[in-house]
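Chemist: Sending over a structure as structure tokens; questions will come in a sec.
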Amino acid sequence: MKPNRLLLPNPLPVMLTVFACLTWASLCARAQDQLKAHRFVDHSLLVAPEYPCTWPSHPFPRFSIKHERKIGPDSAYNIDVLLIDGNTGTQIDVPPHSVARPDLKREKSGPLGLAYTDKIEPWQLGGEACVVDIRELLDKAPKGESPLVKIEHVKRFEKQHRQVKFGDVVLFRSDYSDKYYRPLPAGRRFIADVLDVKAPGYPGPDPECMEFLGKRGVLALGIDSASMGPLPDLAEPTHYSGLKYGMIWTEGATNLGSLPATGAFYCMLFPRHEGGPYAEGRAFSIVGGELPKRLIDSCRNKRAIDLSPVLSPKLPLTSPGIGTGNHRQVYLKVDFLYSEYLDLWHHTHLMDSMAGTHLVPPSYALPPEKTQPEYSAEVRGWLSDYEKKYGKRGASSMTTEKVPLSWTCGEARVIDVRSLVGATKRQHWPMSPEITPDHIKTYEAKNGPLKTDDVVIFHTGYNDKFLIPSSKPKSGWPQSANAAMWLDPLNGKVEGWPAPGPDAILYLKSKGIRCVASDAPDLGGVEPGRALMTYWALGSNEMVGVEMLINVRSIPRNAYFLFAPIKVRDCHGGPGRAIVLH
């Protein structure tokens with residue numbers, strides 16, 4: 001008689017089930033990693049006085065930055081003023097650069113003669129990068145002349161990859177700017193030596209190439225040359241051949257060699273200068289993962305929303321301050337060269353670095369490392385109160401050009417705080433209703449938790465109500481324009497705009513948030529001490545702000561926020577452009 005055997009279940013099905021679960025979990029984790037596996041590539045030239053960042057011919061103005069106020073007894077902030085022309089650094093051309101207004105009834109007149117920088121639709125600012133390699137043309141021309149990019153170069157790209165089409169951004173890569181954009185005097189080779197017929201010109205497409213691309217439906221281009229227009233005599237014919245189709249293009253791009261031939265998302269963001277035929281800008285790409293495909297699809301299907309106001313002398317874009325002599329530089333348009341054919345003035349701008357939609361880097365309110373600023377007695381008191389509650393205030397030398405582009409772009413998380421309007425009592429004015437951690441937690445309870453790298457946008461509705469252009473100067477203007485927007489709340493005549501306190505900033509930091517934005521004039525509010533604490537909290541936690549948005553009410557769910565400031569060295573602000581793609 002055989003002994004009884006212990007009957008055990010077959011382990012194979014259990015093992016297979018466990019293996020399947022582990023495999024599925026691994027695939028899910030890998031998919032999540034792929035979604036996050038994108039990286040940002042900067043294609044913008046550094047803007048600084050010692051670089052050849054402006055067109056060197058007379059009478060084009062040179063770029064300058066003035067550090068008008070530094071952290072010390074007279075100011076708790078670093079405040080800069082910029083003199084900046086649209087032909088500075090990495091820049092954008094739009095149709096009125098060469099297309100005349102329709103009312104002029106000239107040979108090159110048309111509706112696109114009104115498509116200034118403030119009128120270009122945001123979906124046209126991005127698309128799929130199609131990198132056309134033209135490196136064999138670099139320096140292959142006589143002195144003072146440009147080697148020409150021809151239809152054959154584009155057809156070669158198409159044979160190797162695919163046909164270019166609407167929604168693409170065709171980028172001509174010669175590595176010219178990578179090689180020749182250097183501090184002066186070596187930087188004269190970038191433009192000046194070419195104009196002086198001392199060096200071969202930068203590559204540029206001929207008019208036939210532009211016609212070919214226009215008929216393909218391409219509406220955005222880029223080139224790493226100083227201009228899209230070849231020298232000595234094809235600059236204007238090439239410009240008009242493309243701009244008459246409604247094209248816009250990046251000039252002075254760089255680092256195009258970091259991109260694959262196709263598949264990357266390319267974007268060029270620039271301030272919306274009123275009546276501008278060109279503008280300084282910030283070009284960048286997103287490479288890898290699933291995000292580029294999503295953003296390319298949004299642009300190709302025109303799903304984009306503008307969040308930046310027009311920059312105009314008619315608008316109260318900068319703070320008049322509290323008390324006489326404390327105002328920021330107002331936004332000014334300065335004409336310097338008249339084009340008779342276009343009936344248009346080339347112009348530069350004198351502006352505070354925080355005019356319009358702008359960046360707040362850590363160094364705005366923080367002193368550099370290993371320095372002890374001589375604050376006023378009032379600010380020393382605020383600092384003592386801040387450090388007792390929130391810990392030691394930090395230090396930072398992170399100016400605008402050092403802020404990673406990945407910090408100012410991310411999933412848009414719009415927190416509606418309009419219910420706070422009217423929450424303060426008149427006897428406490430000047431006061432801003434404070435956004436607290438509880439307001440953020442209430443949002444999370446309804447909409448899901450905030451995630452690392454989300455961009456938090458506070459929707460106050462303030463700028464949509466008060467940042468309104470005046471078609472005709474009114475009596476007392478611009479003082480009257482500033483009254484409702486700035487002066488009345490700053491001086492306690494009305495309630496201030498909702499603003500986050502330092503507690504809200506610290507809570508957002510705990511959630512991994514890098515960027516906080518608002519459609520109010522600023523993130524600080526109207527109480528000077530409380531505002532400074534908010535900015536100290538931002539900077540001390542390596543967080544940045546984006547201020548003065550508009551149209552936040554139009555942002556749908558699952559939208560992606562894009563903001564980039566002009567790449568100005570040593571700048572403690574940073575004018576730029578914000579859009580969302582959805």
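The values are calculated or read from the model by the stated rules, or taken from the named source; none is laboratory data. Please read these numbers as outputs of a predicted model, since none were measured by experiment. Positions of Cβ are backbone-derived with ideal geometry, glycine not excepted, and every protein chain shown enters the neighbour counts.
Chemist: Which residues, taken from the stretch 415-429, are surrounded by 15 or more Cβ atoms within 10 Å (Cβ to Cβ) and assigned to a loop (DSSP other than H, G, I, E, B)?
Modeler: VAL417, VAL421, THR424, TRP429
Chemist: All but one of (1) assigned to a helix (DSSP H, G or I); (2) touching a strand residue (DSSP E or B) at 6+ places or on another chain (Cβ under 7 Å) hold for ASP80; state the number of the condition that does not hold.
Modeler: For ASP80, the exception is condition (1).
Chemist: Related question: Which count do you get for residues in the stretch 89-115 that are part of a helix (DSSP H, G or I) and either of a type in the set (Lys, Arg) or out of contact with any Ser or Thr (no Cβ under 7 Å at 6 or more places or on another chain) (or both)?
Modeler: The number of residues fulfilling the criteria is 9.
Chemist: Moving on to the next point. So which of ALA377, ALA412, ALA365, ALA395 is over 25 Å from ALA520 (Cα atoms) and buried (at least 17 other Cβ atoms within 10 Å of the Cβ)?
Modeler: On the way: ALA377 fails: buried (at least 17 other Cβ atoms within 10 Å of the Cβ); ALA412 fails: over 25 Å from ALA520 (Cα atoms); ALA365 fails: over 25 Å from ALA520 (Cα atoms).
Result: ALA395 is the single residue among ALA377, ALA412, ALA365, ALA395 that is over 25 Å from ALA520 (Cα atoms) and buried (at least 17 other Cβ atoms within 10 Å of the Cβ).
Chemist: Return yes when GLY86 is farther than 30 Å from SER397 by Cα and either of a type outside the set (A, V, I, L, M) or buried (at least 24 other Cβ atoms within 10 Å of the Cβ) (or both) and no when it is not.
Modeler: Details: farther than 30 Å from SER397 by Cα: no; either of a type outside the set (A, V, I, L, M) or buried (at least 24 other Cβ atoms within 10 Å of the Cβ) (or both): yes.
In short, no.
Chemist: Sticking with this structure for a sec: Which numbered condition trips up TYR341, out of (1) in a strand (DSSP E or B); (2) touching a residue at least 12 places away in the same chain (Cβ under 8 Å); (3) under 23 Å from SER57 (Cβ atoms)?
Modeler: The failed condition is (1).
Chemist: Sticking with this one: Would you confirm, using the coordinates I've provided, whether LEU337 is under 14 Å from the mean Cα position of the chain (by Cα) and not assigned by TED's automatic domain parsing to the domain that holds ASP178? First the steps, then the outcome.
Modeler: Values: under 14 Å from the mean Cα position of the chain (by Cα): no; not assigned by TED's automatic domain parsing to the domain that holds ASP178: yes.
No, not satisfied.
Chemist: Kindly provide the set of residues from the stretch 192-203 that are over 15 Å from ASP139 (Cβ atoms) and either touching a helix residue (DSSP H, G or I) at 6+ places or on another chain (Cβ under 9 Å) or among the small types (Gly, Ala, Ser) (or both), ordered by number. Break it down stepwise before answering.
Modeler: First, the residues of the stretch 192-203 that are over 15 Å from ASP139 (Cβ atoms): 192, 195-196.
The answer is ALA192, ASP196.
Chemist: In the stretch 173-198, which residues are surrounded by 19 or more Cβ atoms within 10 Å (Cβ to Cβ) and either under 14 Å from GLY242 (Cα atoms) or touching a residue at least 60 places away in the same chain (Cβ under 8 Å) (or both)?
Modeler: Selection gives ARG173, SER177, TYR181, PHE190, ILE191.
Chemist: Residues being of a type outside the set (A, V, I, L, M, F, W, C), under 33 Å from the mean Cα position of the chain (by Cα) and part of a helix (DSSP H, G or I): count how many of those fall in the stretch 135-155. Working first, answer last.
Modeler: So the first thing to find is which residues in the stretch 135-155 are of a type outside the set (A, V, I, L, M, F, W, C), and the list is 135-136, 139-140, 142-147, 150, 152-153, 155.
In the following step, the residues that additionally are under 33 Å from the mean Cα position of the chain (by Cα) were identified as 135-136, 139, 146-147, 150, 153, 155.
The next check asks that each one be part of a helix (DSSP H, G or I); those that pass are 135-136, 153, 155.
The total comes to 4.
Chemist: Criterion first (assigned to a loop (DSSP other than H, G, I, E, B) and surrounded by fewer than 22 Cβ atoms within 10 Å (Cβ to Cβ)) does PRO556 satisfy it?
Modeler: Answer is yes for this residue.
Chemist: Which one of PRO367, PRO361, PRO373, PRO316 is touching a His at 6+ places or on another chain (Cβ under 9 Å) and closer than 25 Å to GLY529 by Cβ?
Modeler: Of the residues listed, the single one that is touching a His at 6+ places or on another chain (Cβ under 9 Å) and closer than 25 Å to GLY529 by Cβ is PRO361.
Chemist: Ok, one more. Output the residues belonging to the stretch 259-271 that are surrounded by fewer than 21 Cβ atoms within 10 Å (Cβ to Cβ) and out of contact with any Lys or Arg (no Cβ under 9 Å at 6 or more places or on another chain).
Modeler: Those that are surrounded by fewer than 21 Cβ atoms within 10 Å (Cβ to Cβ) and out of contact with any Lys or Arg (no Cβ under 9 Å at 6 or more places or on another chain): PRO260, ALA261.
Chemist: Mind telling me which of the residues GLU128, GLU121, GLU136, GLU208 ends up being without any contact (Cβ under 8 Å) to a residue 12 or more places away in the chain and out of contact with any Pro (no Cβ under 6 Å at 6 or more places or on another chain)?
Modeler: After ruling out the rest, the residue left standing is GLU136.
Chemist: Quick one: how many residues across the stretch 300-327 are at pLDDT below 95 and among the basic types (Lys, Arg)?
Modeler: 1
Chemist: Filter the stretch 281-317 for residues that are touching a strand residue (DSSP E or B) at 6+ places or on another chain (Cβ under 7 Å), in a loop (DSSP other than H, G, I, E, B) and buried (at least 22 other Cβ atoms within 10 Å of the Cβ) and give the result.
Modeler: GLY281, LEU307, SER308, LEU317
Chemist: Please tell me if TYR386 is in the same structural domain as GLU495 (by TED's automatic domain parsing) and buried (at least 19 other Cβ atoms within 10 Å of the Cβ).
Modeler: Criteria met by TYR386.
Chemist: At pLDDT 95 or above and not in a helix (DSSP H, G or I): is that true of THR262 in this structure?
Modeler: yes
Chemist: Could you say whether any residue in the stretch 93-106 is among the polar types (S, T, N, Q), in contact (Cβ under 8 Å) with a residue 60 or more places away in the chain and in contact with a Phe, Trp or Tyr (Cβ under 6 Å, 6 or more places away or on another chain)? Don't jump to the end; show me each part of the working.
Modeler: The initial filter retains those residues of the stretch 93-106 that are among the polar types (S, T, N, Q), namely 98.
Now restrict to residues that are in contact (Cβ under 8 Å) with a residue 60 or more places away in the chain: 98.
Okay, now just the ones that are also in contact with a Phe, Trp or Tyr (Cβ under 6 Å, 6 or more places away or on another chain), so 98.
Yes, because at least one residue in the stretch 93-106 is among the polar types (S, T, N, Q), in contact (Cβ under 8 Å) with a residue 60 or more places away in the chain and in contact with a Phe, Trp or Tyr (Cβ under 6 Å, 6 or more places away or on another chain).
Chemist: If a residue has to be assigned to a helix (DSSP H, G or I), in contact with a Leu (Cβ under 9 Å, 6 or more places away or on another chain) and either within 18 Å of LEU405 (Cα to Cα) or hydrophobic (A, V, I, L, M, F, W, C) (or both) to count, how many in the stretch 231-259 make the cut?
Modeler: Qualifying residue count, the stretch 231-259: 2.
Chemist: Within the group GLU274, GLU211, GLU251, GLU236, which residue is surrounded by 24 or more Cβ atoms within 10 Å (Cβ to Cβ), in contact with a Ser or Thr (Cβ under 7 Å, 6 or more places away or on another chain) and of a type in the set (Asp, Glu)? Working first, answer last.
Modeler: On the way: GLU274 fails: surrounded by 24 or more Cβ atoms within 10 Å (Cβ to Cβ); GLU211 fails: surrounded by 24 or more Cβ atoms within 10 Å (Cβ to Cβ); GLU236 fails: surrounded by 24 or more Cβ atoms within 10 Å (Cβ to Cβ).
Answer to the check: GLU251.
Chemist: When you look at VAL132, is it assigned to a strand (DSSP E or B) and either under 19 Å from TYR240 (Cβ atoms) or in the same structural domain as ALA226 (by TED's automatic domain parsing) (or both), yes or no?
Modeler: Working: assigned to a strand (DSSP E or B): yes; either under 19 Å from TYR240 (Cβ atoms) or in the same structural domain as ALA226 (by TED's automatic domain parsing) (or both): yes.
Answer is yes for this residue.
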